[in-house]
Amino acid sequence: MNGTAAALLVTAAAVAALGVAALVHRRDSLGAVAGLALLLAAVTSALVGFAATAPSVAAAAQLQAAAVVVELLSAVTLPGAVAIALVLRRRTGSDLLELAAPRRADRELPSPQIEPPPAAAEPGPLPEAPQDDLEPGS
């Protein structure tokens, strides 16, 4: 393994570690997209580094072609992901990861507002019991 290949592979490992850290620790959508971009760049660097150590010219060409494909995929998908992240951020004031995970308050229906009963008025005199016109024992 020559020095260039070793440097590319070490760089790819460091960039991949940064990408994973960005995906894990960032809570906003732009941080997640940045972590994804770092991971794709790490894959590209690793493929180029492995191409430098390939045993044949054909194997090196295949690895370099795979690196070009990864770069094309990242060139196509990452601008769209950034645009979606920016639209979500501007529209809701929130980020993609929080939108993906439903919160407890989002799942519960709001409870109806119950008004307390009106206060009872001062009790007045009790009504008298009705009297019968009948005599007792009749």
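Here are the numbers for the structure shown:
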quantity	calculated
Linear extension gain, Gln113 paired with Ala5, 0.36 nm per residue minus alpha-carbon span	32.0 nm
Backbone N within the range 34-53 under 18 Å of label point (7 Å from Arg26 Cα along the Cβ vector)	34-44
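Each reported figure results from applying straightforward, stated rules to the coordinates on display, with no laboratory input. Since this is a predicted model, take the numbers as computed values, not measurements. Using ideal geometry, Cβ is built from the backbone for each residue, glycine included, and neighbour counts are taken over all protein chains shown.
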